[in-house]
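Data block below; observations after.
The values are calculated or read from the model by the stated rules, or taken from the named source; none is laboratory data. Since this is a predicted model, take the numbers as computed values, not measurements. All Cβ positions, even for glycine, are placed from backbone atoms using ideal geometry, and neighbour counts span all protein chains on display. With ligands, DNA and RNA removed, areas are computed over all heavy atoms of the protein, side chains included. Shrake-Rupley method; radii C 1.70, N 1.55, O 1.52, S 1.80 Å.
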Amino acid sequence: MKIVIDNAIPFLEGVLEPYAEIRYLPGREIAARDVRDADALIVRTRTRCDAALLDGSRVRFIATATIGFDHIDLDYCRRRQIGVATAAGCNARGVLQWIAAVLHHLSQRDGWHPAEKTLGVVGAGHVGELVRRYAASWGFRVLTCDPPRAAREGGGDFVPLEEVARHCDLVTFHTPLDATTRRMADEALLRRLKPKAVVINSSRGEMVDGDALLRSGRPYVLDVWEHEPDIDRRLLAGAILATPHIAGYSAQGKANATAMAVGAVARRFALPLEGWYPAVAPSHPRPIGWDELAATIGARYDIAAESDTLKRHPERFEALRNGYSYREEYF
């Protein structure tokens with residue numbers, strides 16, 4: 001049995017070696033010749049899993065150590081009977097704490113308190129639901145848009161995207177990328193937003209039309225970018241805060257993702273690794289008030305310094321991402 005693994009996935013070295021031949025490669029460089037005789041792949045978003053990669057291979061299973069799966073051609077995999085597993089929800093608290101750092105930075109920069117602002121949360125899955133709940137506890141008025149959940153749940157407390165645009169001072173996107181969400185934040189939506197509304201994107205770069213965002217003159221904070229790692233330098237320069245696709249890069253989030261990928265491979269191939277988890281201290285989720293957050297987040301995560309580094313060295317986007325020092329979750 002052979003498994004090809006993205007070498008930027010942490011905590012994996014030595015785990016699967018007793019049960020399979022393992023080959024570690026940079027995710028962007030994994031090619032058809034590398035997977036031809038592989039039974040399974042463990043990847044991140046940098047590896048496009050489609051016919052170009054998989055035709056003629058013996059791959060039977062793909063585990064992605066990410067919550068997103070737009071890098072995997074699911075229709076192709078279904079036709080070829082290739083199993084696919086994601087790490088849905090693995091990094092939700094890491095993203096929550098990135099959002100917390102963003103909101104605190106904006107409040108300090110612009111001199112407001114959460115009770116004065118309405119936050120729009122677009123997408124209420126693992127991440128969006130956490131953001132919604134914590135933001136409400138911090139004092140924000142929160143409007144949530146999630147059309148699929150609204151359809152399943154008969155409306156609930158969800159509002160249309162147009163209402164988010166009309167009423168919200170800050171809009172944060174947490175949706176998967178598919179045909180219904182690609183360039184959701186387009187010129188028309190950006191035009192409908194409140195004056196000075198801040199656009200925040202930590203989902204997928206293609207969610208936001210970067211050219212339209214630049215033309216709109218609206219303030220924005222980005223962790224994800226179109227055409228990564230070759231990001232638009234104009235978009236980078238204009239961002240209030242800019243980070244290299246690391247919103248979910250907490251130690252616990254990464255440990256969760258790797259454990260979920262290993263568990264999926266173990267179940268598929270009957271390996272004795274069910275329940276394996278890296279030697280990482282687990283997170284201890286708890287409520288946190290805005291005053292405590294404001295007093296602690298800067299020491300825990302200096303997002304402004306991180307943004308400055310990327311702005312000074314945009315050519316190092318991939319290196320900054322792959323060499324990132326994982327943050328510790330503390331709420």
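Would it be correct to say that PHE173 is open to solvent by 20 Å² or more (accessible area, probe 1.4 Å), among the aromatic types (Phe, Trp, Tyr), touching a strand residue (DSSP E or B) at 6+ places or on another chain (Cβ under 6 Å) and at pLDDT 95 or above? Spelling it out, it is not the case that PHE173 is open to solvent by 20 Å² or more (accessible area, probe 1.4 Å), among the aromatic types (Phe, Trp, Tyr), touching a strand residue (DSSP E or B) at 6+ places or on another chain (Cβ under 6 Å) and at pLDDT 95 or above.
All of ARG78, ARG44, ARG28 fail the test of being closer than 22 Å to TYR324 by Cα and open to solvent by 30 Å² or more (accessible area, probe 1.4 Å), apart from ARG28. With the condition kept exactly as written, say whether any residue in region 116-135 is over 19 Å from MET207 (Cα atoms), assigned to a helix (DSSP H, G or I) and over 22 Å from the mean Cα position of the chain (by Cα). Looking through region 116-135, at least one residue is over 19 Å from MET207 (Cα atoms), assigned to a helix (DSSP H, G or I) and over 22 Å from the mean Cα position of the chain (by Cα). Out of region 30-48, which residues are over 20 Å from TRP225 (Cα atoms) and either small (Gly, Ala, Ser) or not in a loop (DSSP other than H, G, I, E, B) (or both)? Within region 30-48, ALA31, ALA32, ARG33, ASP34, VAL35, ALA38, ALA40, LEU41, ILE42 meet the criteria. Inclusion of ALA299 among residues that are open to solvent by 70 Å² or more (accessible area, probe 1.4 Å), farther than 18 Å from ALA135 by Cβ, out of contact with any strand residue (DSSP E or B) (no Cβ under 9 Å at 6 or more places or on another chain) and assigned to a helix (DSSP H, G or I) is warranted. Of the residues examined, VAL59 is one that is at pLDDT 95 or above, in a loop (DSSP other than H, G, I, E, B) and surrounded by 20 or more Cβ atoms within 10 Å (Cβ to Cβ). Cβ-Cβ contacts under 6 Å between residues 6 or more apart (or on different chains), taken from a first residue in region 82-95 that is part of a helix (DSSP H, G or I) to a second residue that is crowded, with 20+ Cβ neighbours inside 10 Å and among the β-branched types (Val, Ile, Thr), are listed as ALA92/VAL127; VAL95/VAL127.
The C-beta contact set for region 139-159 (first residue free of Cβ contacts under 8 Å to residues at least 40 places away in the same chain, second residue open to solvent by 80 Å² or more (accessible area, probe 1.4 Å) and assigned to a loop (DSSP other than H, G, I, E, B), distance under 7 angstrom, 6+ apart or interchain) comprises THR144/ASP157.
Looking at the structure I just gave you, is TYR220 free of Cβ contacts under 8 Å to residues at least 24 places away in the same chain and surrounded by 20 or more Cβ atoms within 10 Å (Cβ to Cβ)? For TYR220, the condition - free of Cβ contacts under 8 Å to residues at least 24 places away in the same chain and surrounded by 20 or more Cβ atoms within 10 Å (Cβ to Cβ) - is met.
In the set (1) within 16 Å of the chain's Cα centre (by Cα); (2) open to solvent by 40 Å² or more (accessible area, probe 1.4 Å), the condition left unmet by HIS71 is number (2).
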